[in-house]
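Here the structure is laid out as structure tokens; the discussion comes afterwards.
Nothing in this text is a laboratory measurement; each read-out follows from the coordinates by a stated rule. Bear in mind that the values here come from a model prediction, so they are computed numbers and not experimental data. Cβ: placed from backbone, ideal geometry, glycine included. Neighbour counts: every protein chain shown.
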Amino acid sequence: MKAIIKYEHKPKKKVSIVKIFREMYDLTYDEVVEMCNNRMGGISPDDSFEKYLKIYVRPVLFKLPEIRDSDAWEAIDSWHEGSEIELSPMSDRRLLIETNCVAENIFQTRAYAIFAVRILKLFDGVISENEGLSWQTRSEFKDKYQPILTLSRKQAIKLSAFELINFAEE
């Protein structure tokens, strides 16, 4: 998955990367701290967005109880845990948001959409998912992903387990 965000100005207020990370995966503070302590989240609890315009988030999905304790997820290859979302600067006041997998599961797609909406709000920008051929406002992007954005963490994990099992069988 890949999108370009075009903006006019950088955000003026300080924004915690951990807060965005928590929103993306609907994590508790303790879950984020555990991931950061294991150095697997790609961020530390003290990082702020202003410090970096290039960040990545890589959740340790198999540490979440709903995944770790689920028989459905046992059949899933460990490479799915390595899925990450990266934000990096481009030229001309543009940011690139991308995942390292062409097709993501619903849980990761939900996190990608939440991240993009949050970055769009911070930068008051527009987004393109087709290499800049067309642009969407934050509202248009949010409407497009609304069915996934309204899923709870538990629902997204459950749907992803079914999705990944079917993928693994193919």
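Quick rundown of the values:
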read-out: Surrounding net charge for residue 136, when Lys and Arg each add one and Asp and Glu each subtract one, Cβ distance under 12 Å; value: +1
read-out: Violating pairs (Cα-Cα greater than 25 angstrom) within the set 14/144; 12/142; 6/142; 13/158; value: 14/144; 13/158
